[in-house]
Structures are given as C-alpha cells and as structure tokens.
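Chemist: Mind looking over this structure? Questions follow.
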Ligand SMILES: Nc1nc2c(c(=O)[nH]1)N[C@H]1C(S)=C(S)[C@@H](COP(=O)(O)O)O[C@H]1N2
Ligand SMILES: [Mo]
C-alpha cells in the first residue's frame with residue numbers, strides 16, 4: 001500500500017519538517033520560512049510535504065506547491081523532491097494499493113481492458129523521455145493587468161526523465177474504433193461537490209497515438225512521488241502540464257469531441273485566444289478560444305537572482321535553462337546591457353528535444369552600478385521569445401524575454 005505519508009511514516013515526516021525549519025533557524029522563532037515573489041501579495045510559505053523538500057505553498061487543499069527557483073540551477077533535471085505539485089480537486093487520493101490498482105480502457109474500443117500495473121509494464125518496450133512538465137499558468141503572477149487564478153511565480157515547471165510504455169500500445173491492444181475522435185483521461189482525484197466538474201482531459205486521437213505519449217510510472221529513476229501522480233501518469237511531451245493526468249485510472253475512447261459537465265477543463269478552462277500569439281489586448285476578452293496545447297519557447301537565468309552582486313573586473317559564469325514545445329533549442333543569447341547587444345551562450349549536452357537545455361556564458365562586468373541581464377532562446381523551428389509580454393485572460397503560456405537586475409560592486 002502506498003500512502004501519501006508512505007515510506008517515511010507520519011512521525012518521520014513531522015520530524016523532517018521540524019528539522020528543516022529549525023535548520024533554517026525559524027522553528028524557534030515560531031514562524032515558517034518564506035520566499036517572496038516580485039509582485040504584490042507574493043510572499044509564500046515554504047512547506048515540506050511528504051517526499052518533498054520545502055516548496056512554496058500556493059494552496060493547501062488541494063496541495064498546490066511551487067519549486068523554489070534556485071532548484072533549477074542544480075541541473076537540467078529537476079529533483080523529484082523539488083518538483084512542483086498541482087491539483088484542482090480537493091479529494092485527492094491519500095493511499096493507493098498497487099496490488100489492486102487498475103487502469104480501465106473503455107468506450108469505442110473492440111475490447112475493454114482493466115490493466116494491473118504489471119500488465120501495463122508488460123504492454124510494450126519501456127521508453128525513457130526527458131520532458132518538461134510546465135503548468136499553463138506558470139508565471140501568471142507577472143500578468144499585467146493581473147488576472148484571476150493561482151498567482152504563480154516561475155516555479156510551476158520541472159524537467160524529468162519519464163519511463164513508461166507508449167499509450168499507443170495500450171490503445172492498440174484495446175483496438176480503437178476507426179471513427180474515434182478523442183481519448184479522455186481521468187485520475188483518482190474527485191470533486192468534493194457534485195456541482196464541481198471532475199478533472200478529465202482529452203487528446204485528439206492523432207496525438208494520443210503519437211509514440212512519445214507515455215503511460216509513465218517512473219520519474220528520474222524512482223517510482224513517481226505520490227503527489228506527482230503515483231502510480232501512473234500520462235506524459236504528453238511538448239504539451240502543457242494540464243494534459244499530464246496524474247493517478248491515471250480511466251481512459252475512454254470517444255467518436256465525437258468531448259463535451260458536457262465533466263469536460264469543463266477542456267471546454268471552459270485551459271483555453272487560449274484562438275490566434276497566433278494566443279493573446280488579446282490587455283483587459284479584453286477573446287472572440288474565440290481553443291484548448292491550450294504546446295509549450296512556447298522560454299529561457300531563464302538560474303545562477304543569479306534579482307539584486308545579486310557581481311564583482312567588477314571578475315569573471316562571472318552565468319548559467320540557465322531553456323526549452324520549447326518539442327523541436328529543441330537552437331540557441332540561447334544573453335545581453336548584459338538591457339537588450340542592446342546579445343552574445344550567444346554555450347549550450348550544454350542535449351537530453352532530448354523535450355528537455356530543459358542548460359546554457360552558460362562568462363561575463364566580466366567593467367563598470368560599477370546596476371546591470372540588466374536578459375536571456376532569449378530560439379527553438380529549432382525558429383520560434384523566438386518576444387520582447388513584450390503578451391496578455392490573455394487566463395494568464396497562460398507566458399514566454400516574454402526574462403530580465404534580471406544585478407549590481408556590480
Ligand atoms: N489527476 C489530476 N491530474 C492532473 C491535475 C489534476 O488536478 N488532477 N492537474 C494537471 C495540471 S494543470 C498540471 S500543471 C500538472 C501538474 O503536475 P505535477 O503536480 O506532477 O507537477 O498535473 C496535471 N494533472
Ligand atoms: Mo496546470
């Protein structure tokens with residue numbers, strides 16, 4: 001039996017949390033550690049949940065936790081205990097028995113399936129893909145004008161090595177109907193009230209049959225952390241995290257687009273303006289929308305934070321990460337004069353086209369005073385980050401060129 005407090009037991013969880021806090025010298029003073037995001041009401045408590053280091057608490061029920069940004073400087077892969085956590089429904093599973101767990105496949109199929117974990121693992125060759133899971137609302141807190149929704153900083157993303165079998169193998173085993181249109185995915189979390197829609201996502205059949213879409217049970221060489229979807233998660237490389245259904249338990253093949261009460265997270269939420277920039281004039285509503293889909297190209301400086309101090313005449317190695325929606329990163333450029341001149345950075349080894357790509361560049365500040373660093377990535381399909389932030393009512397898919405103010409002393 002896997003429980004949320006599993007593997008450590010409640011006592012050890014409490015002990016670790018308390019040890020963590022007192023290590024920061026805070027337990028004695030009687031308040032929790034916090035981290036402040038640079039927008040109004042941006043102070044977040046750092047809370048350690050089971051299997052997690054202290055993360056920024058967005059909400060408690062359900063748990064919604066962001067990765068402290070410094071964790072992204074630890075490597076191209078985000079550690080499991082640092083990986084963000086997002087849920088929509090308050091009834092999240094607290095214990096799952098891997099022996100009795102089943103994945104059901106039904107709908108427009110030749111034969112319904114009810115698969116145990118062992119049967120899923122025997123369904124095809126095990127595939128490993130490094131891929132970024134980013135929440136559609138990552139960085140929403142920076143939207144101006146501000147928008148409704150969780151006021152997220154930049155920590156609702158992470159990159160991991162996922163191991164699973166292609167979803168395609170399971171769909172082919174079930175035998176999907178020739179006129180199948182969409183496939184829906186549901187997990188073990190449920191709404192508290194009947195009026196709340198369930199969290200069910202749909203993929204078009206063509207995408208569901210893409211060989212890179214996985215039913216994954218392993219993350220960075222370990223079984224999935226409970227809060228990241230134990231025992232099975234749908235991994236849709238290149239697509240926003242909203243499609244990566246956790247605690248996956250039910251797959252239904254449809255011969256029509258998914259609609260109805262429980263299609264809320266497809267037909268109402270997680271939609272973007274139906275145009276190229278997925279944007280509208282700030283403060284206005286789009287005439288038409290479509291479901292959010294692929295990640296946009298982004299890059300971040302991870303080795304420095306705002307107001308960091310660099311020493312004049314000393315070499316500073318600036319490091320960071322970049323990613324896009326699945327073509328891979330062609331180049332990352334850095335500017336140390338607020339965007340006038342750009343220098344190409346050195347790209348680290350690629351872990352694959354869906355992964356974070358690390359980059360680095362040495363700079364030597366020549367003048368004392370404030371310095372504005374900017375970073376801009378270009379994908380292999382030529383997509384480049386915009387200079388101006390675009391706006392949409394959901395605060396989704398932000399990808400403006402990031403800038404950071406440091407001081408040369
Ligand atoms: N079962 C279930 N799966 C879910 C969700 C959810 O609410 N329930 N939220 C989705 C959203 S919006 C995101 S961003 C990712 C977050 O994945 P993580 O919690 O493993 O980081 O899970 C997705 N899968
Ligand atoms: Mo999300």
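Chemist: Which whole-number value in Å³ per residue fits the convex hull of the alpha carbons of the range 103-204?
Modeler: Enclosed volume per residue, from the Cα hull, is 163 Å³.
Chemist: Can you order the peptides 223-235, 162-174 by their average number of other Cβ atoms within 10 Å per residue, highest first? Can you show the working numbers first?
Modeler: Details: 223-235: 23.6, 162-174: 20.5.
Sorting 223-235, 162-174 by mean packing, highest first, produces 223-235, 162-174.
Chemist: Name the residues of the range 291-316 whose amide N is less than 16 Å from a point 7 angstrom out from the Cα of residue 381 along the C-beta direction?
Modeler: Counting only backbone N, you get 291-298.
Chemist: Right, something else. Looking at the calculated P(r) for the range 95-291, what percent of the C-alpha pair distances fall above 23 Å?
Modeler: Working: 8899 of 19306 pairs.
Cα-Cα pairs of the range 95-291 separated by over 23 Å account for 46 percent.
Chemist: A further question follows. Cα centroid distance between the range 178-231 and the range 58-104, in Å?
Modeler: About 14 Å separates the Cα centre of the range 178-231 from the one of the range 58-104.
Chemist: Further question on the same structure: When every alpha-carbon pair in the range 353-409 is counted, what percent end up more than 16 Å apart?
Modeler: Cα-Cα pairs of the range 353-409 separated by over 16 Å account for 61 percent.
Chemist: Moving on. What do you get for Rg/Rh of the range 253-333 when both radii come from the Cα atoms and Rh is the Kirkwood radius?
Modeler: 1.18
Chemist: Hey, how many Å between the Cα centroid of the range 360-401 and the Cα centroid of the range 276-312?
Modeler: Rounded to whole Å, the Cα centres lie 9 Å apart.
Chemist: I'd like the per residue volume of the convex hull spanned by the Cα atoms of the chain, given in cubic angstrom.
Modeler: 153
Chemist: Between the helical axis of 9-23 and the dominant principal axis of the chain, each derived from Cα atoms, what acute angle in degrees is found, rounded to the nearest 10?
Modeler: Approximately 10 degrees, to the nearest 10.
Chemist: What FRET efficiency do you get for residue 181 and residue 340 if R0 is 56 Å and r is their Cβ-Cβ distance, rounded to the nearest 0.05? Before the final figure, lay out the partial values.
Modeler: Values: r = 50 Å, r/R0 = 0.90.
Calculated transfer efficiency: 0.65.
Chemist: Sort largest first and round to whole Å: the equivalent ellipsoid semi-axes of the range 299-359, each the square root of five times a Cα gyration tensor eigenvalue.
Modeler: On the way: eigenvalues 114, 31, 21 Å².
Values for the range 299-359, descending: 24, 12, 10 Å.
Chemist: Sticking with this structure for a sec: Can you tell me the equivalent ellipsoid semi-axes for the range 298-408? Use √(5λ) from the Cα gyration tensor, largest first, whole Å.
Modeler: Values: eigenvalues 121, 58, 24 Å².
Listed largest to smallest, the semi-axes of the range 298-408 are 25, 17, 11 Å.
Chemist: For the chain, what is the mean residue ellipticity at 222 nm derived from helices alone (per DSSP H run of n ≥ 4: -39500 (n - 2.57); sum divided by total residues; nearest 500 deg cm²/dmol)? Walk me through the numbers on the way to the answer.
Modeler: Details: 5 runs with 36 residues, N = 409.
Rounded to the nearest 500, it is -2000 deg cm²/dmol.
Chemist: If I take the Cα coordinates of the range 157-217 and project them onto the principal axes, what are the three extents in Å, biggest first?
Modeler: 36, 34, 18
Chemist: Based only on the alpha carbon positions, what is the Kirkwood hydrodynamic radius of the range 95-154, in angstrom?
Modeler: 15.9
Chemist: For the range 239-373, compute Rg over Rh where Rg is the Cα radius of gyration and Rh is the Kirkwood radius from the inverse mean 1/r over Cα pairs. Before the final figure, lay out each step's value.
Modeler: On the way: Rg = 20.7 Å, Rh = 18.7 Å.
Rounded to two decimals, Rg over Rh is 1.11.
Values quoted throughout were computed directly from the atomic coordinates according to the rules given, and no laboratory measurement underlies them. Just so it is clear, the model here is predicted, and its values are computed rather than measured. With ideal geometry, Cβ positions are generated from the backbone for all residues, glycine too; neighbour counts draw on all protein chains shown.
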